[in-house]
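Please read the structure below before turning to the comments.
The values are calculated or read from the model by the stated rules, or taken from the named source; none is laboratory data. As the structure is a computational prediction, the values presented were derived from the model and not from experiment. Note: ideal-geometry Cβ built from the backbone for every residue, glycine included; neighbour counts use all protein chains shown. The accessibility values were calculated without ligands, DNA or RNA, using every heavy atom of the protein model including side chains. Shrake-Rupley method; radii C 1.70, N 1.55, O 1.52, S 1.80 Å.
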Amino acid sequence: MNDPQASIAGASAPAFAQHPGYQRMFRPDKLSLGIFLPLRFYSGDMRVLEGQSALVEYIDQQGFAAVWVRDVPLFDPMFGDAGQVFDPFTYLAFLAARTRQVALATGSVVFPLRHPIELAKMAASIDQLSGGRLVMGIASGDRPVEFPAYGLEHASRGERFAETVHGFRQWLQPGNSLMSHPLAEQGIQLLPSPVNTRIPLMVTGGARQSLAWVAQHADGWLTYPDSTHDRAGPLRLADKIGAWRRLIPDGGFRPHMTNEWLELVDDADHPRVALQGGYQLRTGRKGLIELLEAWQRAGVNHAALGIQFSQRPAAEVLQELAEDVLPLFPSHPAPLAAHRRW
């Protein structure tokens with residue numbers, strides 16, 4: 001692979017001015033809402049996922065900014081979480097056919113496990129099939145068992161991540177670009193091209209890179225909320241976001257995202273209670289709104305909410321979010337997705 005230090009830099013907002021997915025999700029000083037899949041926790045019975053695609057259609061129709069899918073190649077009982085079970089690109093293709101405007105986001109594709117040509121081909125295909133709605137969260141991987149299964153060293157994941165980001169972008173560059181892939185002079189192309197020439201890459205956490213690297217090369221940054229359930233949490237989050245943005249070379253806008261595994265109870269006044277060491281949150285609607293407002297003040301531009309641990313029916317939780325929370329954090333105007341009859 002190529003030298004990761006020569007990687008094509010991350011793009012500021014003007015590069016995605018015509019990108020339907022990016023524009024729907026992100027604006028400076030504003031926060032939008034997305035929903036993480038699955039809507040119900042998988043524990044060995046695929047029937048728990050029945051009806052999910054119909055609810056994703058509802059999410060799209062109600063105006064949420066994004067739906068998110070995770071990349072979990074192998075189920076590890078030590079983690080106990082299989083994500084949405086399906087391959088993320090296959091599932092996004094399925095959802096692209098059933099939705100019209102919601103951004104399709106990965107949170108996050110494990111870049112070191114795959115070749116950049118494979119990733120570029122799959123990503124550009126989803127981007128075309130969805131009319132330009134793909135936003136890619138990318139990660140270095142947090143499940144050590146996957147790496148030897150792929151014949152890779154877990155310790156090399158940071159270097160492989162940086163190299164794969166560089167290779168991915170090279171293969172999607174136009175053939176006449178100085179940063180296009182090494183075979184471009186022979187007329188070799190990777191098809192299809194993305195709808196808007198570039199697919200946003202949102203680095204998750206540190207990805208085994210320095211903060212300066214993330215500021216230089218990422219199109220956005222996805223981090224955990226940093227225990228924002230206490231009063232000082234949003235201040236810590238604001239400090240972290242600010243430190244990253246000060247390192248962005250051109251000083252332009254790049255979005256920050258965070259996520260929360262949410263148990264939304266039917267008592268709107270129920271206080272926020274941290275569960276599972278802070279990785280889950282039980283709250284009523286008012287507590288959630290207060291938290292989202294604090295995140296927005298801290299500089300967060302998108303919050304992805306996972307409701308798989310909720311005790312209430314998923315449709316009921318989504319309806320409450322759509323009617324009482326989403327209007328306070330609306331999705332943004334975006335170019336219409338280019339829907340074609342392939």
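List of remarks:
- Given (1) farther than 23 Å from Gln296 by Cβ; (2) touching a helix residue (DSSP H, G or I) at 6+ places or on another chain (Cβ under 8 Å); (3) buried (at least 24 other Cβ atoms within 10 Å of the Cβ), index of the condition Pro88 fails: (2)
- For Gly51, the criteria (1) modelled with pLDDT of 95 or more; (2) within 20 Å of the chain's Cα centre (by Cα) hold in every case but one, which is (2).
- Complete set of residues in segment 159-212 that are in a loop (DSSP other than H, G, I, E, B), open to solvent by 20 Å² or more (accessible area, probe 1.4 Å) and among the small types (Gly, Ala, Ser): Gly175, Ser177, Gly187, Ser193, Gly205, Gly206, Ser210
- Output for segment 115-130, where each listed residue is within 18 Å of the chain's Cα centre (by Cα) and not in a helix (DSSP H, G or I): Ser130
For (1) in contact with a Leu (Cβ under 8 Å, 6 or more places away or on another chain); (2) acidic (Asp, Glu); (3) under 25 Å from Ser331 (Cβ atoms), each residue gets a yes or a no:
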site: Ala96; (1), (2), (3): yes, no, yes
site: Arg100; (1), (2), (3): no, no, yes
site: Gly107; (1), (2), (3): yes, no, yes
site: Pro116; (1), (2), (3): no, no, no
site: Leu119; (1), (2), (3): no, no, no
site: Gln128; (1), (2), (3): no, no, yes
site: Gly137; (1), (2), (3): yes, no, yes
site: Phe147; (1), (2), (3): yes, no, no
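- Of all residues in segment 91-114 being farther than 18 Å from Pro20 by Cα and part of a helix (DSSP H, G or I), the one that is most open to solvent (accessible area, probe 1.4 Å): Phe94
- As a summary of the residue check, Gly233 satisfies the conditions (1) open to solvent by 10 Å² or more (accessible area, probe 1.4 Å); (2) out of contact with any strand residue (DSSP E or B) (no Cβ under 9 Å at 6 or more places or on another chain) except for the one numbered (1).
- Filtered residues of segment 261-280 (kept if surrounded by 17 or more Cβ atoms within 10 Å (Cβ to Cβ) and assigned to a loop (DSSP other than H, G, I, E, B)): Val265, His270
- For segment 241-260, taking the residues that are more than 26 Å from Leu37 (Cα to Cα) and in contact with a His (Cβ under 9 Å, 6 or more places away or on another chain), the one that is surrounded by the most Cβ atoms within 10 Å (Cβ to Cβ) is identified as Trp244.
- Filter pass, Arg24 being among the basic types (Lys, Arg) and either over 15 Å from Gly132 (Cβ atoms) or modelled with pLDDT under 95 (or both): no
- Single residue of segment 284-301 satisfying the filter (closer than 26 Å to Gly252 by Cα and touching a Pro at 6+ places or on another chain (Cβ under 7 Å)) that is most open to solvent (accessible area, probe 1.4 Å): Arg297
- Looking at Asp60, Asp76, Asp81, Asp71, just one residue is over 20 Å from the mean Cα position of the chain (by Cα) and either in a loop (DSSP other than H, G, I, E, B) or not basic (Lys, Arg) (or both), and that residue is Asp76.
- On inspection, Ala304 passes the criterion of being buried (at least 18 other Cβ atoms within 10 Å of the Cβ), under 25 Å from Val135 (Cα atoms) and of a type in the set (Gly, Ala, Ser).
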